[in-house]
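The values are calculated or read from the model by the stated rules, or taken from the named source; none is laboratory data. All values reported here derive from a predicted model rather than from experimental measurement. Don't worry about glycine lacking a Cβ; one is built from the backbone with ideal geometry, like all the others, and counts go over all protein chains shown.
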Amino acid sequence: MNIRALWYRLPVIRQLRQAVGLQRGMLIAGLVIVGIFLLTALFAPLIAPYGYSQLRDENGGFDAQQPPSAEHILGTTVGGYDVLSRVIWGSRTAFLVIVIAVALSIFAGVLLGLISGYIGGALDRVLVVIADAVYAFPSLLLAIAASIAISGGRSDLWAGVFSAAISITVVFIPQYFRVIRAETARIKAEAYVDSAKVIGTGVPRIMFRHVLRNATRTLPLIFTLNSSEAILTLAGLGFLGFGIEPTSAAEWGFDLNKSISDVTSGIWWTALFPGLAIVLVVLGITLVGESLNDLADPRLRTRRRADSKAPVAMAEASVNEEGLDGAVSIAKEDRA
Amino acid sequence: MTDVLNIRNLDVTFATDGGDVHAVRDVSLTVAPGEVLAIVGESGSGKSVTARTILRLLPATAVTRGAVILQGTDVLELSGSRLREIRGTDVAMVFQEPSTALNPVFTVGWQIAEGLRAHGKYSKKQARAKAIEILEKVGIPEPATRVDYYPHQFSGGQKQRVVIAMALVLDPELIVADEPTTALDVTVQAEILDLLRRVRDEFGTSIVLITHNMGVVADLADRVAVMYQGELVEEAPVQQLFSAPTAEYTRNLLAAVPRLGSSVTRAPKQLDPAATPVVVATDLVIRYPGRLGGAGFTAVDQVSFSIAPGEVLGLVGESGSGKTTIGRAIAGLGNRPTGGSLVVLGHEMRNVSNAAFKPSREDIGFVFQDPASSFNPLLTIGEAVAEPLVVHGRAKDARAAAPRVAELLDAVRLPTSYAARFPHELSGGQRQRASLARSLALEPKLLIADEPTSALDVSVQATVLELFAELQRQFGFAALFISHDLAVVDMLADRIAVLYRGKLVEEGTGPEVLGSPRHPYTQRLLASLPVPDPIEQAQRRETLRLLREAD
């Protein structure tokens with residue numbers, strides 16, 4: 001298989017090639033926003049004019065609550081920080097939380113889901129009950145508890161990031177668990193699992209070689225949707241005052257919290273830009289996730305219209321997919 | 001007399017992920033009043049798409065050209081509301097799977113009335129009276145009470161009668177029946193075909209019958225249109241088509257249809273009577289546990305048989321007869337026997353542990369019904385065929401097994417280069433060959449084939465069956481061949497066992513069972529099987545009628 005074919009089989013790339021029309025537009029918009037977010041996080045030290053905790057430069061200290069100017073393009077905050085720099089550095093914190101939260105939850109969730117779905121029985125029932133109980137917990141409450149447990153509420157970069165990440169992890173594990181469990185239970189009944197059993201394949205080999213790889217279809221989707229939720233939880237923590245100290249990292253939620261009093265006195269720039277950053281990143285990630293979801297479902301996926309000159313009669317939509325499947329099978333079946 | 005339906009130069013194209021698919025090319029057909037036109041073809045021939053175009057039941061991705069003129073109006077040009085008007089009154093449809101064509105949460109009476117309400121004013125009472133009347137006409141016993149039954153309270157054949165009643169209630173000129181008997185058992189199929197014939201005779205309705213079964217065509221059709229890859233290759237009156245097919249494709253198709261009695265010429269195999277049988281079942285009982293407090297379901301009831309080394313036992317039965325349950329029990333899949341004894345390769349399956357049975361799995365091969373789902377879609381054919389070798393330690397990994405895999409693919413006549421392909425890149429027949437290669441990888445003593453050809457087209461089925469017979473001679477394995485198709489079993493099996501509702505009703509060699517069946521069920525089964533010859537089928541129909549009356 002050549003590199004090109006392999007490249008086209010990668011999750012997001014394949015969907016991008018497949019998409020048409022509005023769905024393609026949504027996916028591209030989402031990917032562009034996410035791309036900008038990732039680049040910003042990666043190159044924050046190069047892009048940001050000042051450090052996240054910088055209060056003075058060679059010309060002396062920054063004034064507090066300065067409107068946008070040549071020196072401070074987006075103005076300064078009540079504490080005298082540069083808003084643009086804080087917004088740019090904040091993307092790093094957000095990125096860290098996403099990576100840690102998803103990394104912590106995805107492995108545990110997938111493994112538990114696989115075991116629970118494949119083995120079934122009493123173990124499955126117990127795990128499902130626990131997952132449901134955790135699922136019912138508000139994630140923000142959990143995050144506050146974790147934040148207090150880890151650092152007593154106020155914290156430096158890592159303690160702040162981890163308190164957000166761990167609380168999100170606890171809530172996300174049941175999500176991955178449920179999805180993988182449902183897929184596993186479905187795949188367990190597939191003929192190829194039976195055919196692995198009749199040749200005497202051991203349980204671990206069936207689980208990891210035959211079931212797991214087929215059960216991970218929906219992971220990119222949950223991954224993206226969870227990423228946006230992770231950012232929102234971090235921002236919520238910061239806004240409630242459980243965030244990260246401005247001296248240890250930049251964090252959008254914390255900045256929003258500090259700008260509450262500014263809003264009433266007509267200082268709009270301290271609240272607008274961190275808020276906008278949150279909205280844009282969440283929007284971008286959600287766009288990617290939703291497009292992936294629509295593209296994964298053949299009934300929601302739009303296709304290019306069949307090539308045809310006039311007269312064209314577009315048949316009305318039919319819920320029944322049979323005709324379509326038939327057509328696809330024609331495309332695939334070359335005669336034996 | 002004008003034609004009920006006139007299809008002119010129909011072209012249908014689908015937009016798919018893999019680009020445009022030209023499903024129907026320039027097809028022209030006519031149907032006269034009271035005529036049964038059969039459209040025959042294999043999967044992907046465009047026969048279903050053509051039929052669905054008559055009601056414009058195509059997905060939004062389809063683009064159609066040409067004309068479908070029904071009673072003087074072109075269906076393809078109609079607006080939404082006009083289209084709704086003609087659906088049901090001018091043309092109605094009978095679907096393949098009656099259990100999914102009926103809505104499970106409404107009574108059948110309500111569903112029949114639904115069609116009436118859509119096309120005129122009926123009071124509840126009138127609609128109900130009409131529903132009862134039509135249910136009686138399609139042969140539902142006690143229609144006055146059963147009109148209030150839900151679909152799950154009917155058997156498969158009765159459900160199909162209800163679907164036909166729904167199609168008939170508005171007295172359409174044309175009924176499109178898309179594989180109306182494919183999901184049904186042979187004996188039920190014969191009854192539904194009778195009903196459709198009566199519908200034509202009594203109501204004067206024209207029928208477009210979509211099918212892949214040449215026996216069904218011979219039984220019911222007046223005229224036959226043969227489709228291949230979206231094109232119409234031949235159109236002829238039924239007797240002419242069977243006696244003197246002109247197109248090459250039609251001739252091959254007819255030759256590929258398995259016929260009863262084709263094994264009579266074969267010399268009986270020499271088996272060593274002293275050898276220990278591979279499988280011995282004595283009074284085997286398999287019960288599925290019921291719900292809490294409820295009685296269980298006995299799937300297999302007091303069945304005894306044995307398979308000698310090198311022998312092919314054909315197990316025939318309708319759906320629910322327990323044939324698959326027996327196959328799976330022998331392979332150690334699913335439910336264990338609950339009574340009697342089942343000895344497979346020296347292991348008593350009632351109480352053998354998985355660990356003790358595992359070494360014996362080397363000696364059992366299994367071929368599944370649907371080749372599309374029995375391969376892990378993420379493994380290449382080569383990796384899948386190598387799996388048994390790797391699992392049993394004959395090879396370190398798929399790469400080390402490559403020479404043996406090449407040998408196996410060669411044995412099933414697949415090009416060795418196919419080892420690098422993924423299952424979806426193969427056709428159904430090719431996949432089933434690969435499945436055979438996988439099951440033979442460890443040179444098993446016993447092969448269980450569960451309906452290995454029922455998901456395949458007739459012409460592909462013939463080549464796979466030939467391959468199976470040849471491999472069996474070459475490797476000499478014993479086999480349990482499970483099928484619902486008597487003709488298929490007859491081609492391969494040394495002995496045939498007939499299952500009926502979990503009981504073994506008859507067992508013997510092919511000529512014994514098929515030539516002079518003793519049990520009334522076997523007799524009825526044989527008589528129900530439509531043969532691909534219109535004249536002979538007409539005689540058989542008469543025999544079956546007499547047999548039914550005798551019951």
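Would you please name the residue that is farthest from residue A:118 (Cα to Cα), looking only at residues in segment A:175-223 that are charged (D, E, K, R) and touching a residue at least 40 places away in the same chain (Cβ under 8 Å)?
Just the residues of segment A:175-223 that are charged (D, E, K, R), to begin with: A:178, A:181, A:183, A:186, A:188, A:190, A:194, A:197, A:205, A:209, A:213, A:217.
Now restrict to residues that are touching a residue at least 40 places away in the same chain (Cβ under 8 Å): A:178, A:181, A:183, A:188, A:217.
On the way: A:178: 13, A:181: 8, A:183: 10, A:188: 7, A:217: 17 Å.
Checking each candidate, the answer is A:217.
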Item to complete: Would you check which residues across segment B:269-300 are at pLDDT below 80 and aliphatic (A, V, I, L, M) and list them?
Response: B:271, B:274, B:275, B:292, B:295
Practice prompt. State all residues of segment B:2-33 that are away from chain A (no Cβ under 14 Å), more than 23 Å from residue B:249 (Cα to Cα) and among the small types (Gly, Ala, Ser); if no residue qualifies, say none.
Written response: B:32
Fill in: Options B:251, B:266: the member that is farther than 28 Å from residue B:546 by Cα, of a type in the set (D, E, K, R), modelled with pLDDT under 90 and outside the structural domain of residue B:472 (by TED's automatic domain parsing)
B:266
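Based on this model, can you work out whether residue B:525 counts as outside any helix (DSSP H, G or I) and closer than 27 Å to residue B:288 by Cβ?
Values: outside any helix (DSSP H, G or I): no; closer than 27 Å to residue B:288 by Cβ: yes.
No; evaluated as a whole, the condition is false for this residue.
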Worksheet item: Any residue at all in segment A:149-158 that is more than 14 Å from chain B (Cβ to nearest Cβ), touching a Ser or Thr at 6+ places or on another chain (Cβ under 9 Å), surrounded by 20 or more Cβ atoms within 10 Å (Cβ to Cβ) and modelled with pLDDT under 90?
Response: yes
Worksheet, complete the sentence: Within segment B:34-50, residues more than 10 Å from every other protein chain (Cβ to nearest Cβ) and either over 16 Å from the mean Cα position of the chain (by Cα) or among the aliphatic types (A, V, I, L, M) (or both) come out as B:34, B:35, B:36, B:37, B:38, B:39, B:40, B:50
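Here's the yes/no breakdown for (1) surrounded by fewer than 20 Cβ atoms within 10 Å (Cβ to Cβ); (2) outside the structural domain of residue B:521 (by TED's automatic domain parsing); (3) under 28 Å from residue B:105 (Cα atoms); (4) in contact with a Pro (Cβ under 8 Å, 6 or more places away or on another chain):
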| position | (1), (2), (3), (4) |
| --- | --- |
| B:152 | yes, yes, yes, yes |
| B:189 | no, yes, yes, yes |
| B:196 | no, yes, yes, yes |
| B:214 | no, yes, no, yes |
| B:218 | no, yes, no, yes |
| B:233 | yes, yes, no, no |
| B:237 | yes, yes, no, no |
| B:242 | no, yes, no, yes |
Item to complete: Looking only at segment A:263-285, count how many residues are surrounded by fewer than 19 Cβ atoms within 10 Å (Cβ to Cβ) and closer than 13 Å to residue A:228 by Cβ.
Response: 3
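Tell me, please, whether a residue that is among the aromatic types (Phe, Trp, Tyr) and assigned to a helix (DSSP H, G or I) can be found in segment A:57-68.
Within segment A:57-68, the subset among the aromatic types (Phe, Trp, Tyr) is A:62.
Then keep just the ones that are assigned to a helix (DSSP H, G or I); that gives none.
No, every residue in segment A:57-68 fails to be among the aromatic types (Phe, Trp, Tyr) and assigned to a helix (DSSP H, G or I).
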Discussion item. Criterion first (more than 10 Å from chain A (Cβ to nearest Cβ), β-branched (Val, Ile, Thr) and touching a strand residue (DSSP E or B) at 6+ places or on another chain (Cβ under 6 Å)) does residue B:496 satisfy it?
Written reply: yes
Worksheet item: Would segment B:100-119 turn up any residue that is modelled with pLDDT of 90 or more, touching a strand residue (DSSP E or B) at 6+ places or on another chain (Cβ under 8 Å) and not polar (S, T, N, Q)?
Response: no
Worksheet item: So which pairs qualify, if the first residue must be in segment B:100-117 and in the same structural domain as residue B:163 (by TED's automatic domain parsing) and among the hydroxyl-bearing types (Ser, Thr, Tyr), the second must be part of a loop (DSSP other than H, G, I, E, B) and surrounded by fewer than 20 Cβ atoms within 10 Å (Cβ to Cβ), the Cβ gap must be under 8 Å, and the two must be at least 6 apart or on different chains?
Response: B:107/B:148; B:107/B:149; B:107/B:150
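Based on what the data block shows, is residue B:467 assigned to a helix (DSSP H, G or I) and either over 25 Å from residue A:212 (Cα atoms) or under 29 Å from the mean Cα position of the chain (by Cα) (or both)? Steps first, please.
On the way: assigned to a helix (DSSP H, G or I): yes; either over 25 Å from residue A:212 (Cα atoms) or under 29 Å from the mean Cα position of the chain (by Cα) (or both): yes.
So residue B:467 fits the description; yes.
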Worksheet item: How do the pairs read when you match residues in segment B:50-61 that are basic (Lys, Arg) with residues anywhere that are crowded, with 22+ Cβ neighbours inside 10 Å and not in a helix (DSSP H, G or I), using Cβ under 6 Å and keeping only pairs 6 or more apart or on different chains?
Response: B:52/B:58
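Considering every residue within segment B:56-72, establish whether at least one is at the interface with another protein chain (Cβ under 8 Å from one of its Cβ atoms), of a type in the set (A, V, I, L, M) and under 24 Å from residue B:171 (Cβ atoms). Please lay out each step first, then the result.
Start the filter on segment B:56-72 by keeping residues that are at the interface with another protein chain (Cβ under 8 Å from one of its Cβ atoms), which leaves B:56-65.
When the remaining residues are screened for being of a type in the set (A, V, I, L, M), the result is B:57-58, B:60, B:62-63.
Pick out the ones that are also under 24 Å from residue B:171 (Cβ atoms) and you get B:57.
Checked segment B:56-72: at least one residue is at the interface with another protein chain (Cβ under 8 Å from one of its Cβ atoms), of a type in the set (A, V, I, L, M) and under 24 Å from residue B:171 (Cβ atoms).
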Item to complete: May I ask you to say which residue of B:475, B:468 is farther than 30 Å from residue B:549 by Cα and buried (at least 20 other Cβ atoms within 10 Å of the Cβ)?
Response: B:468
Worksheet item: Does segment B:300-359 hold any residues that are more than 29 Å from the chain's Cα centre (by Cα) and of a type in the set (Gly, Ala, Ser), and which are they?
Response: B:308, B:339, B:340, B:341, B:346, B:353, B:355, B:356
Fill in: Neighbours by Cβ (under 9 Å, 6+ apart or cross-chain): first from segment A:54-67, free of Cβ contacts under 8 Å to residues at least 24 places away in the same chain; second among the acidic types (Asp, Glu) and in a loop (DSSP other than H, G, I, E, B)
A:57/A:71; A:59/A:71; A:62/A:71
Worksheet item: Is there a residue in segment B:84-106 that is among the hydrophobic types (A, V, I, L, M, F, W, C), surrounded by fewer than 18 Cβ atoms within 10 Å (Cβ to Cβ) and more than 14 Å from chain A (Cβ to nearest Cβ)?
Response: yes
Worksheet entry | Hits in segment B:331-383 (condition: among the β-branched types (Val, Ile, Thr), touching a strand residue (DSSP E or B) at 6+ places or on another chain (Cβ under 6 Å) and either at the interface with chain A (Cβ under 7 Å from one of its Cβ atoms) or without any contact (Cβ under 8 Å) to a residue 24 or more places away in the chain (or both)) | B:364
Worksheet entry | helices (runs of 4 or more DSSP H) (entirely within segment B:40-112) containing at least 2 residues that are farther than 23 Å from residue B:28 by Cα | B:80-89, B:98-101
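Got a sec? Which helices (runs of 4 or more DSSP H) wholly within segment B:328-425 have at least 2 residues that are surrounded by 21 or more Cβ atoms within 10 Å (Cβ to Cβ)? Can you show your working first?
Working: elements: B:354-357, B:381-391, B:402-411.
Correct list: B:381-391, B:402-411.
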Discussion item. Between A:167, A:147, which is of a type in the set (S, T, N, Q), in contact with a strand residue (DSSP E or B) (Cβ under 8 Å, 6 or more places away or on another chain) and under 27 Å from residue A:251 (Cα atoms)?
Written reply: A:147
